Amino acid sequence: MPIIRRNSVPAAPSEPRRPAEILRVGTADERWNAARALGSSADGVAALQDALRTEADPKVREAIFTSLVRIGSPDSVAAVIPCLRVDDAQLRGGALDALRAMIGVVRPVLPALLADADADVRLLTCDLVRELPTADATRLLCDVLARETEANVCIAAVDVLAEIGDAAALPYLENCAARFHQVPFLGFAVQIAMQQIVAERPVLHD
């Protein structure tokens, strides 16, 4: 018969793990639930940002981005922007979708992103500008065309201007094509953009 010691103390119940801890060490389903839970408070941004650096499961990544968008703060934007610099195309795409979904908070940092030292970041940011009102988008992208040294970035800016730009972009487009006269495709893209702007958003004369 086992001896029962009267003075033995039952073990204290272990504390439940916090979502931030689960997001680091849980199963994929547990991490997904933790990522969703962290989206209910701005305090969760730091844990979500840390998880983005290592998370490989697409479903969990999506939950992390969704929670950052739900929080929708400048810190959320700062957490997502580094993903524009990675080689993982899926992660970059998720970051772009997240930034697009909170464009109102992203808007103040667009000029800095369009002037980023990384040409890939500048190129990707041109696509985000598509979400802005026509006048604001035109102004930002005209600034890009005036100073940009990479033809691919200019092509991205021209593509957006062709879709939403106004007549204020016409001289910038023309000057850009002249600067990159050695890049035939850019000249062709500029020609198409100018035709679309004139046809769809013509210059208004007094």
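Just so it is clear, none of the values below were taken in a lab; they were calculated from the coordinates. Note that the coordinates shown come from a computational prediction; the quantities given were computed from them, not determined experimentally. Glycine gets a Cβ as well: all are built from the backbone with ideal geometry, and neighbour counts include every protein chain shown.
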Fewest to most Cβ atoms within 10 Å: R31, R92 sort as R92, R31
What do the square roots of 5 times the Cα gyration tensor eigenvalues come to for region 113-206, in whole Å, largest first, as semi-axes of the equivalent ellipsoid? 20, 16, 10
For region 143-194, alpha-carbon Rg relative to the globular expectation (2.2 N^0.38 Å, N residues): 0.95
If you place +1 on the Cβ of every Lys and Arg, -1 on the Cβ of every Asp and Glu, and leave all else neutral, what size is the dipole of the chain about its Cα centre, to the nearest 20 Debye? 1020
Region 55-154, relative contact order in percent, only Cα pairs under 8 angstrom and at least six apart counted: 21
Rel. contact order, % - alpha carbon contacts under 8 angstrom, at least six apart, the chain: 11
Scalar couplings 3J(HN,Hα) for region 166-179 by Karplus 6.51 cos²θ - 1.76 cosθ + 1.60 (θ = phi - 60°), nearest whole Hz, x for Gly and Pro, are 10, 4, 4, 7, 4, x, 5, 4, 4, 5, 5, 4, 5, 5
Å³ per residue of the Cα convex hull, for region 18-101? 72
Quickly estimate the mean residue ellipticity at 222 nm for the chain, helices only: each DSSP H run with n ≥ 4 gives -39500 (n - 2.57), and the total goes over all residues, rounded to 500. -19500 deg cm²/dmol
May I ask which residue of M102, L186, A28 lies farthest towards the positive end of the charge dipole of the chain, with charges of +1 (Lys, Arg) and -1 (Asp, Glu) on Cβ and the Cα centre as origin? A28
Dividing the Cα radius of gyration by the Kirkwood radius, what Rg/Rh value follows for the chain? 1.25
Please report the relative contact order for region 18-101, taking Cα pairs under 8 Å with a sequence separation of at least 6, and give it as a percent rounded to a whole number. 25
Using the beta-carbon distance between E30 and V109 and R0 = 41 Å, what value does 1/(1 + (r/R0)^6) give for FRET efficiency, to the nearest 0.05? 0.80
Expressed as an acute angle from 0 to 90° and rounded to the nearest 10, what is the orientation of the C-alpha long axis of helix 119-129 relative to the principal long axis of the chain? 80
Taking F180, F188 and counting other beta carbon atoms within 10 angstrom, the fewest-first order is F188, F180
Positive dipole terminus of region 47-156, leading residue within L113, G72, N152 (C-beta point charges): G72
Treating only the Cβ of Lys, Arg, Asp and Glu as charged (+1, +1, -1, -1), what charge dipole size does region 18-101 show about its Cα centre? Round to the nearest 20 debye. 140
Between region 173-203 and region 26-68, how many Å separate their Cα centres? 43
³J(HN,Hα) across region 46-59 via Karplus (A = 6.51, B = -1.76, C = 1.60, θ = phi - 60°), whole Hz, x for Gly/Pro? 4, 5, 5, 5, 4, 5, 4, 5, 10, 5, 10, 7, x, 5
Find the centroid of the Cα atoms in region 83-123 and in region 133-160, then give the distance between the two in whole Å. 15
